[in-house]
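Engineer: First the structure, which I've put down as structure tokens, then a few questions once you've had a look.
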Amino acid sequence: VHSFMVAGTTVLYASDMESAADWSPGAFNDDATAGIWVNVDPNGIFDGATEVAPEDDFSDPGTMCWVTGQAAAGSTQGTEDVDGGTTTLQSPVFDVTGTTGLMVQYRRWYTNDTGNSPAQDNWVVQAQDHVGTWVNLENTTASNRSWQEMNFLLSDHLTIGNSLRLRFQASDLGAGSVVEAGLDEFQL
């Protein structure tokens, strides 16, 4: 599927995640025991020749991104991946008063197809208008070992009011799959 805009656009917010101090790792109901979101220059994790966690961020130039846990260089898969529950990364609250045609774009890395229980855990991205209900933009178990570009027209998913917040969740709720996630190049 391809999407494109045939109009002028205004960028309300953009982050290459090199300095992401306005993003918040953790939510009140997070219960993961490992693989908590961190903003780092990622160390790749490999299963043989297969890259499970990213070695590099997407940005060029740039080195930083958000990943679920930072294992030491040369670690084996399963080191600092998401374990024992859910870990959440939350965006800042955006003032979107008076906007129309609001889109969100980001690059994400997600794998869960190695380990003891492959393809059992979900990657979930949700948006919330003001303090309303969280609405799914993504909810998938499909792995992709690359920085995949995602685009969503938010009006297809929720009614936009004066504020907006997004959250990105990776979970390991089953019997020990290897779950790795990353987020880079966010734009609203």
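The values are calculated or read from the model by the stated rules, or taken from the named source; none is laboratory data. Note that the structure is a prediction, hence the values are computed from the model and not measured. So basically every Cβ, Gly included, is an ideal-geometry build from the backbone, and we count neighbours across all protein chains shown. The area values use the complete protein model at the heavy-atom level, side chains included, leaving out ligands, DNA and RNA. Shrake-Rupley method; radii C 1.70, N 1.55, O 1.52, S 1.80 Å.
Engineer: Determine whether Thr76 is free of Cβ contacts under 8 Å to residues at least 40 places away in the same chain and over 30 Å from Ala7 (Cβ atoms).
Structural biologist: So Thr76 passes the test.
Engineer: A further question follows. Return the residue satisfying two criteria in turn: it lies in the range 58-94 and is more than 14 Å from the chain's Cα centre (by Cα) and at positive phi, and of such residues it is surrounded by the fewest Cβ atoms within 10 Å (Cβ to Cβ).
Structural biologist: That would be Gly74.
Engineer: Please specify each residue of the range 96-121 satisfying the condition of being over 24 Å from Val6 (Cα atoms) and of a type outside the set (Ser, Thr, Tyr).
Structural biologist: Selection gives Arg108, Trp109, Asn112, Asp113, Gly115, Asn116, Pro118, Ala119, Gln120, Asp121.
Engineer: Looking only at residues in the range 136-155 that are among the polar types (S, T, N, Q) and not in a loop (DSSP other than H, G, I, E, B), which one is surrounded by the fewest Cβ atoms within 10 Å (Cβ to Cβ)?
Structural biologist: Looking at the filtered set, the residue picked out is Asn139.
Engineer: Surrounded by fewer than 19 Cβ atoms within 10 Å (Cβ to Cβ), among the polar types (S, T, N, Q) and either closer than 30 Å to Gly48 by Cα or touching a residue at least 40 places away in the same chain (Cβ under 8 Å) (or both): which single residue out of Thr97, Thr133 fits that description?
Structural biologist: Within the list Thr97, Thr133, the selection yields Thr97.
Engineer: Sticking with this one: Keeping to the range 22-54, report how many residues are more than 16 Å from the chain's Cα centre (by Cα) and open to solvent by 40 Å² or more (accessible area, probe 1.4 Å).
Structural biologist: Within the range 22-54, residues that are more than 16 Å from the chain's Cα centre (by Cα) and open to solvent by 40 Å² or more (accessible area, probe 1.4 Å) number 11.
Engineer: Another question about this same structure. Which condition number in (1) within 23 Å of Gly26 (Cα to Cα); (2) at pLDDT below 95 is the one that Thr114 fails?
Structural biologist: Here Thr114 clears every test but (1).
Engineer: Can you pull out every residue in the range 117-130 that is farther than 13 Å from Ser177 by Cα and either open to solvent by 40 Å² or more (accessible area, probe 1.4 Å) or in contact with a helix residue (DSSP H, G or I) (Cβ under 9 Å, 6 or more places away or on another chain) (or both)?
Structural biologist: Within the range 117-130, Ala127, Asp129, His130 qualify.
Engineer: Can you work out which of the residues in the range 156-188 that are modelled with pLDDT of 90 or more and hydroxyl-bearing (Ser, Thr, Tyr) is surrounded by the most Cβ atoms within 10 Å (Cβ to Cβ)?
Structural biologist: Result: Ser171.
Engineer: If you don't mind, another one. Quick one: how many residues across the range 10-56 are of a type in the set (S, T, N, Q) and either closer than 23 Å to Thr114 by Cβ or in contact (Cβ under 8 Å) with a residue 60 or more places away in the chain (or both)?
Structural biologist: 5
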